[in-house]
Amino acid sequence: MIARIHLTSRSATMPYLPPQKRSHEQVTRWVQDVLLKLCRTWLAVRDAEIIGYAALDGDMLEHLYLRPDVRRQGVGTLLLDEVGPSPVMVDTLR
């Protein structure tokens with residue numbers, strides 16, 4: 001489910017990015033092998049269904065993705081509140 005949220009959210013909210021080249025299966029493997037092993041990850045769940053996730057790598061917010069149909073309902077804010085007081089949200093360009 002995390003992979004589906006990642007793919008649909010990316011497509012719906014970041015149209016400026018090139019089309020996703022990885023399949024759902026490849027993204028699912030990335031979630032299992034990279035995201036969940038290397039990042040602290042929080043899930044937003046409503047009625048026993050995952051509707052979003054946030055992931056920190058150290059103190060850097062690496063991922064915040066929501067199902068497109070639950071955007072603008074405070075879910076992202078709740079995830080950020082759970083993540084902690086002040087994660088670094090944007091990496092500065094050097």
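The values are calculated or read from the model by the stated rules, or taken from the named source; none is laboratory data. Because the structure is predicted, anything quoted here is derived from the model rather than measured. Quick reminder, even Gly has a Cβ in these numbers, built from the backbone with ideal geometry, and neighbours come from all protein chains shown. For the accessible areas, the whole protein counts, side chains as well, though only heavy atoms, and no ligand, DNA or RNA atoms are used. Shrake-Rupley method; radii C 1.70, N 1.55, O 1.52, S 1.80 Å.
Figures for the structure shown
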read-out	value
Residue list for the stretch 28-44, filter: open to solvent by 50 Å² or more (accessible area, probe 1.4 Å) and under 16 Å from G84 (Cβ atoms)	R40, L43
Lone qualifier among R4, R22, R10 - being open to solvent by less than 90 Å² (accessible area, probe 1.4 Å) and among the basic types (K, R)	R10
Hits in the stretch 45-84 (condition: surrounded by 13 or more Cβ atoms within 10 Å (Cβ to Cβ) and hydroxyl-bearing (S, T, Y))	Y53, Y65
